Amino acid sequence: MSRITVNLPQNSYNIAIAPGNLSQLGTQMQKLNLGNKVLVVSNPEIFDYYGDICVKSLEQAGFEVFSHLIPAGESYKHLGSIQQIYDTALTHRIERSSTLVALGGGVIGDMTGFASATWLRGVNFVQVPTSLLAMVDASVGGKTGVNHPQGKNLIGAFYQPKLVLIDPNVLKTLPVREFRAGMAEVIKYGIIWDKDLFEQLTAADDLSHLETITPELLETIITRSCQAKADVVSQDEKESGLRAILNYGHTIGHAVESLTNYEQLVHGEAVAIGMVAAGKIALSMGLWKTEEARLQDNLITKTGLPTVIPPQVSIEDILETIKSDKKVKAGKVRFILPTQIGKVFISDRVTPEIITQAMISDR
Ligand code: GLY
């Protein structure tokens, strides 16, 4: 059992990580004084697996529990789904002292968080992430929101949960592709923040399947990743500086994701490609050692993640897409570049020529 605190000026909270934790949801929430009514938001598949155990645990702890299900998938991450959560909240008279629980992956967490931030100007919110990506990234740090037809996550709010409850056992039902996608973010923490985590990952024989990872390593992976995210968010909750390092691999990653219409690659796969690309850029600028870049790329390959930009995506299109990225500041593209394993910095000196030069080996 690990407990990590996300220390914030206001509204600090804990991330509780332990196998079997789902059955402790009720007692953990009881300690936090989170009202009497709980609305669990989930998708049908996840609720089929884990709804009963959560609802039972909450009821045993004395909560009155309701549920709201949204079909799975990014295509439902829009304001219409939020309106439906509000309708259910209204039907069950969810009050300001009540709690919305997100039981699911990143899409459910982002939407439930946004509904929590806005219903009655803010109700309690608890994250129970069920994908590796949601455990190590989306559920921690308070970014909530939905997509606009013109772009991903354009509508949202920073709204911190009262608790993040993680049960690694639920990963047993996660499809392998989603597991690997979550591992991309784990590798990211190794590069940007936690050399020791990187070394532990490097020492493992095979990271491509949950079954090849020992329970001890799995707990390390989740705990150290959450700790890295908590450290960064504690220092820069609203992304005015440091938090941008969490976007390592995301500049080219997002471009590739968008240029393949969000159909060919899942987010973590695009981030993996983006990390390899950022490594090449750092190398070509003389900022990073070849040996460390090789270690990064080997780790990504060992996890079964892609490393090269799909052939149909041109370098010119990547450059165009990067220019319109929401992370562009005052017209300058900002890249997160590694200098050592465990250390990155934010650079606005990456020119289109440098990107082209670094990418040419993928062609
Ligand atoms: N996923 C990046 C962040 O939370 O800032």
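If I filter region 62-95 down to residues being more than 30 Å from VAL266 (Cα to Cα) and in contact with a Lys or Arg (Cβ under 9 Å, 6 or more places away or on another chain), which single residue comes out as most open to solvent (accessible area, probe 1.4 Å)?
ARG93
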Sole miss for ALA117 among (1) within 16 Å of the ligand (Cβ to nearest atom); (2) in contact with a helix residue (DSSP H, G or I) (Cβ under 9 Å, 6 or more places away or on another chain) is condition (2)
Over region 61-80, the set of residues under 11 Å from VAL146 (Cβ atoms) and of a type in the set (Ser, Thr, Tyr) is TYR76
For residues in region 128-154 being within 12 Å of the chain's Cα centre (by Cα) and part of a strand (DSSP E or B), which is farthest from LEU79 (Cα to Cα)? PRO129
Return a yes/no flag: does region 325-336 have any residue that is closer than 21 Å to LEU154 by Cα and surrounded by 22 or more Cβ atoms within 10 Å (Cβ to Cβ). yes
Candidates PRO175, PRO149, PRO168, filtered to the one that is more than 14 Å from the ligand (Cβ to nearest atom) and either among the acidic types (Asp, Glu) or at pLDDT below 95 (or both): PRO149
Restricting to region 141-191, count the residues that are closer than 21 Å to LEU242 by Cα, open to solvent by 10 Å² or more (accessible area, probe 1.4 Å) and basic (Lys, Arg). 1
Helices (runs of 4 or more DSSP H) lying entirely in region 288-360 (those with 2 or more residues that are of a type outside the set (Lys, Arg) and at positive phi): none
Breaking point among (1) surrounded by fewer than 22 Cβ atoms within 10 Å (Cβ to Cβ); (2) modelled with pLDDT under 95, for GLU291: (2)
Within region 221-274, which residues are within 16 Å of the ligand (Cβ to nearest atom), open to solvent by 40 Å² or more (accessible area, probe 1.4 Å) and at positive phi? GLU239
Determine if region 281-288 includes at least one residue that is free of Cβ contacts under 8 Å to residues at least 40 places away in the same chain, more than 24 Å from the chain's Cα centre (by Cα) and over 16 Å from THR251 (Cβ atoms). yes
Against the definition (open to solvent by 10 Å² or more (accessible area, probe 1.4 Å), assigned to a loop (DSSP other than H, G, I, E, B) and small (Gly, Ala, Ser)), how does SER208 come out, yes or no? yes
Read through the list (1) over 17 Å from the mean Cα position of the chain (by Cα); (2) within 16 Å of the ligand (Cβ to nearest atom), then give the number of the only condition that GLY105 fails. (1)
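The values are calculated or read from the model by the stated rules, or taken from the named source; none is laboratory data. Model, not experiment: these values are computed from the prediction. Virtual Cβ from ideal backbone geometry, glycine too; neighbours counted across all protein chains shown. Keep in mind that these areas ignore ligands, DNA and RNA; they rest on the heavy atoms of the full protein, side chains included. Shrake-Rupley method; radii C 1.70, N 1.55, O 1.52, S 1.80 Å.
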